[in-house]
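The values are calculated or read from the model by the stated rules, or taken from the named source; none is laboratory data. Source: prediction; values computed, not measured. Virtual Cβ from ideal backbone geometry, glycine too; neighbours counted across all protein chains shown. In case anyone asks, the SASA skips ligands and DNA or RNA and just uses the protein heavy atoms, side chains included. Shrake-Rupley method; radii C 1.70, N 1.55, O 1.52, S 1.80 Å.
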Amino acid sequence: MHMADALLSSAVAGGMYACSLVAAGYALRKVQQERNDKILPVMGVMGAFVFAVQMLNFTIPGTGSSGHLCGGMLLAAVVGPYAAFLTMISVLLIQCLLFADGGLLALGANIWNMAFYGCFVGGDVIWALAMRSGMTRTKIIIASVLGSVLSLQLGAFSVSVETLLSGITQLPFAAFLLFMQPIHLAIGLVEGAITAAVLVFLFAARPSLLWCAEESESASSVSLKNVLTIMGAAAVVLAGGLSLLASELPDGLEWSLERMTGSTELESADSSVYALSEAVQSVTALLPDYNFAGSESAAGTSFAGVVGAVIVMLLILAGGKVLKSFRGNHEQA
């Protein structure tokens, strides 16, 4: 669901940047108040895992389309909505800058569409409400599917509204909506199943790792270190190996555009803002489209996947260290 710059006017793009920055500032403040430094390695490993899973586009049977996990719901169920939102920002930032996945001008909109709803609607509302009276496998499955579907539907709707408000394309709003919502319903159901499978595993291995787990559910059969090692290894296998099996069909947004325009891409407006966005990405995107520049080799895809997962983890860990240092200096002052 990564939006390209061509769908957005500079005014709408700027507005979505503002919305996402406000949400990020609030999330950062809440994470600071929680003072849970032990969550940082969990954020790093789970961020790398979500990055890796996002590389595995799965085919939606009978549609000619594919989809991939967004991950906000999954992250929120593990580290809570605020830390999850900051983790998702790291994932989307690396995807945008290093791999040119989604436009730089559209980054604010992509953060809102792909991270905000999953973390704060799927996680802070659906997951939190479902786990109020105790955590069970059945509740985890129901919350995962419901939260994922609702988050994807809201994200798809936002893409359509942002495109309408921008007014720089000839896409009829009603028709665009009728393509976007059903295909993302199917994608949301698959994401819900994947999310449920991961969370059920974590619940069996270490219940205390999940957000909203009660003290009576804290008994763990696997140490935190071992769980993170398993998830980290899974990220490497997914990004470096199974990503080679990802569907090459257009994702839900590209599929909708193709059905309406005959192409999966639109040309950006002739403006200095769009030109600047493309120029910046041409410099930062060292591995465009998750491969070596100008290559479609399997080795390039594997390399890009592993490097991306590692960089996401390092960015989150470095950001946490900077935040901790800033907080310490502020308290001393």
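Brief remarks on what is shown
- Estimated FRET transfer efficiency (LYS324, VAL22; beta-carbon r; R0 30 Å; 0.05): 0.85
- For the range 4-124, the mean projected area of the C-alpha convex hull, equal to one quarter of the hull surface, is 7.9 nm².
- Residues of the chain were split at every exposed loop site, defined as trypsin sites (Lys or Arg not before Pro) in a DSSP loop with at most 14 other C-beta atoms within 10 angstrom, and the longest piece left, sites excluded, is 133-333.
- Sorted peptide list for 39-51, 308-320, 106-118, 174-186, criterion being average Cβ within 10 angstrom, highest first: 106-118, 39-51, 308-320, 174-186
- Taking the C-alpha atoms only, the angle from helix 10-34 to the longest principal axis of the chain is near 10 degrees.
- Inverse mean reciprocal Cα-Cα distance (Kirkwood Rh) of the range 175-305, Å: 18.7
- Local electrostatic count, ALA6, Cβ distance below 10 Å [Lys/Arg +1, Asp/Glu -1]: -3
- Taking all protein chains into account, the per residue accessible area for the range 105-174 stands at 38 Å² (1.4 Å probe).
- Debye intensity ratio I(q)/I(0), log10, the chain, q values 0.14, 0.16 Å⁻¹ (C-alpha model): -1.12, -1.47
- Residues whose placed amide H lies under 5 Å from that of ILE60, excluding near-sequence neighbours: SER65, SER66, GLY67
- Spacing of the two label points (7 Å from each Cα toward its C-beta) at ILE311 and ARG35, in nm: 3.6
- As a calculated quantity, the FRET efficiency between ALA275 and PHE157 at R0 = 51 Å, using C-beta atoms, amounts to about 0.95.
- For the range 136-220: Kirkwood Rh in Å [reciprocal of mean 1/r, alpha carbons]: 14.6
- Centre separation in Å (Cα based) which lies between the range 80-149 and the range 1-67: 7
- Cα centroid separation, the range 163-233 to the range 274-308: 26 Å.
- The range 94-193 - Rg over Rh from alpha carbon coordinates, Kirkwood radius: 1.05
- Spin-label proximity, SER247 to the range 171-195 - amide N less than 11 Å from point 7 Å beyond Cα toward beta carbon: 183-184, 186-188, 190-191
- Computed over the chain, the per-residue total of -39500 (n - 2.57) for DSSP H runs of n ≥ 4 gives a 222 nm mean residue ellipticity of -21500 deg cm²/dmol, rounded to 500.
- Estimated FRET transfer efficiency (GLN181, GLU296; beta-carbon r; R0 45 Å; 0.05): 0.90
- The residues of the range 197-313 present an accessible area of 54 Å² per residue when probed at 1.4 Å with all protein chains retained.
- Note on LYS321: lysines with a C-alpha under 27 Å away, same-chain residues under 8 apart excluded, are LYS30, LYS38, LYS225.
- As a rough guide to protection, the peptides 1-10, 14-23 ranked by mean Cβ packing within 10 Å, highest first, stand as 1-10, 14-23.
- Angle of helix 252-261 to the longest C-alpha principal axis of the chain, folded into 0 to 90 degrees and rounded to 10: 10°.
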